[in-house]
Amino acid sequence: MRQPQFSWGEPDGVTFTPLTTHPDSRGDLTELFRLEWQLGQPPVQWNLVHSRPDVLRGVHVHPTHEDYLIVIQGRMLLGLCDIRQDSPTWGARWLIELTGQQLQGVFIPHGVAHGFYFPEPATLLYGVSHYWDIRDELGCRWDDPVLNLPWPAQNPSLSARDTTASSFEQMCLDYTAACHAAV
């Protein structure tokens, strides 16, 4: 398998939607999602994650489903890597900070690997375009040298699954095989 030639930049299809908060004397209101934004297939499920500090979730990639996420409170670093070989940004990677103070929605298409690092307590809301399916849930080690995302963590708290995740190269092979099986 040919290896991505990494470049820094936003992977194709990842979109950031600044969200506008409308304050008044009672508090505020923010529209988090509108179907007219055309962010891919609309979410069929919404999830709320409360995370402790120094937690890293991922790195995961989905052959089928797409994610739409918003950090509601706290701070999160979002790591992205485009592993779609037919993408114009194949190999692009990005690490961006998202905060609850500056709300924005992030759409992540299938085929863009992603991980979430929480340097402080945070709350994340995310919707998915398909219901959970183990065949659509591939992962690799967050610190794989070939992935080479510059996480600021040294020894983050991980799930059991993320602790035993495969290599970045194996995840890419599994992704390609899953995509071909779906055709």
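The values are calculated or read from the model by the stated rules, or taken from the named source; none is laboratory data. Computed from a predicted model, the values in this text were never measured in an experiment. Using ideal geometry, Cβ is built from the backbone for each residue, glycine included, and neighbour counts are taken over all protein chains shown.
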Subject >> Scan of region 147-172 for residues that are hydrophobic (A, V, I, L, M, F, W, C) and surrounded by 14 or more Cβ atoms within 10 Å (Cβ to Cβ), ordered by number >> reply: LEU147, LEU149, TRP151, ALA153, LEU158, ALA165, PHE168, MET171, CYS172
Original post:
If a residue has to be among the β-branched types (Val, Ile, Thr) and either touching a Phe, Trp or Tyr at 6+ places or on another chain (Cβ under 6 Å) or closer than 27 Å to GLU120 by Cα (or both) to count, how many in region 143-183 make the cut?
Top reply: 3
**OP:** Name the strands (runs of 3 or more DSSP E) wholly inside region 1-51 in which the number of residues that are more than 23 Å from HIS65 (Cα to Cα) and either at pLDDT 85 or above or out of contact with any strand residue (DSSP E or B) (no Cβ under 6 Å at 6 or more places or on another chain) (or both) is 2 or more.
**Re:** 21-24, 27-30
Original post:
Here is a list of conditions, (1) surrounded by 15 or more Cβ atoms within 10 Å (Cβ to Cβ); (2) under 14 Å from the mean Cα position of the chain (by Cα); (3) not in a loop (DSSP other than H, G, I, E, B), and GLU97 meets all of them except one; can you say which number that is?
Top reply: (1)
Original post:
List the pairs whose first member sits in region 84-101 and is on the phi > 0 side of the Ramachandran plot, whose second member is at pLDDT 90 or above, and whose Cβ atoms are under 9 Å apart, counting only residues at least 6 apart or on separate chains?
Top reply: GLY91/CYS81; GLY91/ASP82; GLY91/ILE83
**OP:** Look through TRP46, TRP90, TRP37 and report the one residue that is over 17 Å from PRO156 (Cβ atoms) and buried (at least 18 other Cβ atoms within 10 Å of the Cβ).
**Re:** TRP90
Original post:
When region 132-146 is examined, which residues are found to be in contact with a strand residue (DSSP E or B) (Cβ under 6 Å, 6 or more places away or on another chain) and part of a loop (DSSP other than H, G, I, E, B)?
Top reply: TRP142
**OP:** Taking the residues in region 140-162 that are within 15 Å of VAL55 (Cβ to Cβ) and more than 18 Å from the chain's Cα centre (by Cα) as candidates, determine which candidate is modelled with the lowest pLDDT.
**Re:** GLN154
